Amino acid sequence: LLLLCYTEEAAVIVSGLKNTDVFVGESATFTCELSHPGVKNVQWWLDGSPLHNNFVTEISEQDGMIHTLTLNDVACHDSGTVTFRAGSLISSAKLLVKGILLSE
């Protein structure tokens, strides 16, 4: 007999972050989908530094389950590891920002 209790601890990552390559000046979007809402302590990180909602970094959630991070106008130094953490759940992916080669 298997009983499933949908408590905060039972939440799982349905769809994790995916590696993303973009060019300098573009936007990079990362999405993580959880199995159900209500997970506390949601936080996004870039190379170990916590991210906060501002004009460059857009953090949103839909129905408490789909969490989205958009980094606008990225630069080469933004390349690194993006991490999403919700309670004890963690998902990470690589962000690669590519420069634009100008032909002479």
Mind counting the residues in segment 80-104 that are among the aliphatic types (A, V, I, L, M) and either open to solvent by 30 Å² or more (accessible area, probe 1.4 Å) or part of a loop (DSSP other than H, G, I, E, B) (or both)?
6
Quick check on this structure: which one of 57, 68 is closer than 12 Å to residue 17 by Cα and either surrounded by 12 or more Cβ atoms within 10 Å (Cβ to Cβ) or within 14 Å of the chain's Cα centre (by Cα) (or both)?
68
If you check residue 36 against the conditions, is it exposed (fewer than 12 other Cβ atoms within 10 Å of the Cβ) and either without any contact (Cβ under 8 Å) to a residue 40 or more places away in the chain or not basic (Lys, Arg) (or both)?
no
Go over the candidates 84, 55 one by one and state the one that is over 17 Å from residue 15 (Cα atoms) and of a type in the set (Phe, Trp, Tyr).
55
Contact list, first residue from segment 15-27 and closer than 17 Å to residue 100 by Cβ, second anywhere and open to solvent by 60 Å² or more (accessible area, probe 1.4 Å) and assigned to a loop (DSSP other than H, G, I, E, B), beta-carbon distance below 7 Å, six or more apart or interchain, is 23/100; 24/100; 25/73
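If I go through segment 49-74 residue by residue, how many of them are small (Gly, Ala, Ser), at pLDDT 95 or above and over 12 Å from residue 30 (Cβ atoms)?
Selection size over segment 49-74: 1.
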Is it fair to say residue 77 is surrounded by fewer than 17 Cβ atoms within 10 Å (Cβ to Cβ), part of a loop (DSSP other than H, G, I, E, B) and not β-branched (Val, Ile, Thr)?
no
Long-range neighbours under 9 Å by Cβ, at least six apart or interchain, first residue free of Cβ contacts under 8 Å to residues at least 40 places away in the same chain and farther than 21 Å from residue 91 by Cβ within segment 55-78, second of a type in the set (Asp, Glu) and open to solvent by 80 Å² or more (accessible area, probe 1.4 Å):
56/73
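The values are calculated or read from the model by the stated rules, or taken from the named source; none is laboratory data. Source: prediction; values computed, not measured. Every residue, glycine among them, receives a Cβ derived from its backbone with ideal geometry; neighbour counts consider all protein chains shown. Each accessible area value is taken on the protein alone, full model and side chains, heavy atoms only, with ligands, DNA and RNA left out. Shrake-Rupley method; radii C 1.70, N 1.55, O 1.52, S 1.80 Å.
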